[in-house]
1. Could I have the simple spin-label model distance between Arg73 and Thr155, label points 7 Å from Cα toward Cβ, reported in nm to one decimal?
2. 5 Å is the cut-off here: which amide hydrogens, built 1.01 Å from N in the peptide plane, fall below it relative to Leu354, excluding neighbours closer than 5 in sequence?
3. Between Glu427 and Arg27, what's the calculated FRET efficiency when r is the beta-carbon distance and R0 is 60 Å? Round to 0.05.
4. Per 0.36 nm of contour for each residue apart, how much would the distance between Ala339 and Ala298 grow if the chain were fully extended, relative to their Cα-Cα spacing?
5. Under the 0.36 nm per residue contour assumption, what length would be gained going from the current alpha-carbon distance of Arg137 and Ala174 to full extension?
6. Please work out how much accessible surface Glu237 shows to a 1.4 Å probe, ignoring ligands, DNA and RNA, in Å² rounded to 10.
7. If the chain between Thr361 and Arg207 were fully stretched, how many nm would it gain, using 0.36 nm times the residue separation less the Cα-Cα distance?
8. Please work out the FRET efficiency for the pair Gln348 and Ala419, using the Cβ-Cβ distance as r and a Förster radius of 35 Å; give the result to the nearest 0.05.
Amino acid sequence: MRLATKMFAASTLVILALVGVAAWSLRAVDHLVRAHRDITDQSFPALQLEVSLQEAVPRLLRLEARYLVLGDRAYGDLLKERAERAAADLERLDVLLRSTAEQKSYREAVVALATYQQHVNGERALLSRGKRALALRLSEGRARSAAERLDRALTELTEATSAEVSRAQAVARALERSTWTTVLVTLSGSLVVAIGVTGVVIFRLTRSVRRLSAATRQVADGNFRELTVETGDEIGELTHAFNRMAERLREVEALKQQFFSQISHEIRNPLTAIRSAAELLMKRGLQGRDAKERQWLASIDDSVNRLLSLVTRILDLNRLRAGVFPLERQPVAFDKVVARALDVLGAQAEQQGLLLEQTSTGANFVIMADEEGLTQVVLNLVGNAIKFTLPGGSVQVAMTDATTHIELVVRDTGSGIPAADLPKIFEPYHQAHRGRKGSGLGLAIVKELVGAHDGSIAVESEEGKGTCITVHLPRTATPS
């Protein structure tokens, strides 16, 4: 069966299950939404109005007292306005009430407020005729009684509405629980079959993809192993193509390694003879030669040395990648290795006007390692930092005793590495800064040497600000 057919069948089962659950869920959610809408649109606004009316009663009584004591008409007008506003709020409340208990308390509150307004109007009439004592007696008697009835009615109304809200919330919670239960039961039941059918397809598909992905990463790391073909679908065809690619890459890599090894040996032998001849000529015949000839001989010797160094680097890299580089592990004081390397590079840093600093944290820097290999790591890293740092900058070399391993950090204030080149800087023959002298093998050899010591290397860089390379080296070698 083709992969597309498998995926279509599995997807159809899942979609049908989800459509069924969605239809049932929408119906249940509609009931739940209506229940919550009733609470939100009716019960909560009713409670807000009731609380506001309850708070308005004491304010009305205070305004009434001030009006009667001071006899200020402004207080009387304000009292009338507040009472009319309370009556309007009470009228708005009518359409928000649903239960019988609420309606009963509401009618009592309406009667009490109307009675209170009537008595307040009587007080104003008495005050306008100068009968303050009668107005006070009316206020303390029938008006106060009406206000108290209003307050009691509003309190009972608030309690009735709160009870209605609690009942509605209980109904909504019960509906919500039943909705979730129904949805979950229906979803579980409908998906069990779909999951059972699609599980095998998905497992086999993802297993094949994972194996292919892992093999691809191994190919990127130089391990060209082939995969077993288990299916006859597109994944199987892709696996066949991958195996053909891996086989071809393995052949190309073998040819490349063989070519570099042979050509390096072939170049090294005549170069060694040329250097020996140049050195012999420089030792024996300098007195009889003019300055131009001596310069030519020196140039020949220098060029041969550079070519021999390049050939040696190529051979070292090939042996490191093949796992046959000779490492003589012995106790090595890494701090002394770093100090000697900095002594070698100090003159170059001083000549370029750079500040070369060394710091260390801890006391024990002895590790089991190949001293020559570690020296090459430090020389390459610090040499690169010096090479790409402008005059006036600095190169800092820091060591840390981290108990189980040694940490080496080389930080410079140089030109930095472009972000696009960061993932590739440890690849052979790759140079982040074009046009600079170098073979592009230094950092590749550093990475292989650090890996041969079971260590790790990481780089952080920001273009224009500098680069920081961190190396971790374990104290003891990992058993093979």
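The values are calculated or read from the model by the stated rules, or taken from the named source; none is laboratory data. Computed from a prediction, not measured in an experiment: that's the story for all the values here. Methodologically, a virtual Cβ is constructed for each residue, glycine included, from the backbone with ideal geometry; neighbour enumeration extends over all protein chains shown. Please note that ligands, DNA and RNA were not included when accessible areas were found on the heavy atoms of the full protein model with its side chains. Shrake-Rupley method; radii C 1.70, N 1.55, O 1.52, S 1.80 Å.
1. In this crude label model, Arg73 to Thr155 measures out at 3.8 nm.
2. Here the answer is Gly392, since their amide H atoms fall under 5 Å of that of Leu354.
3. 0.45
4. Working: separation 41, 0.36 × 41 = 14.76 nm, distance 3.07 nm.
Working it through step by step, the gained length comes to 11.7 nm.
5. Working: separation 37, 0.36 × 37 = 13.32 nm, distance 5.47 nm.
Difference between extended and current length: 7.9 nm.
6. 100 Å²
7. Values: separation 154, 0.36 × 154 = 55.44 nm, distance 4.71 nm.
Here the segment from Thr361 to Arg207 would lengthen by 50.7 nm.
8. On the way: r = 28 Å, r/R0 = 0.81.
After rounding, the FRET efficiency stands at 0.80.
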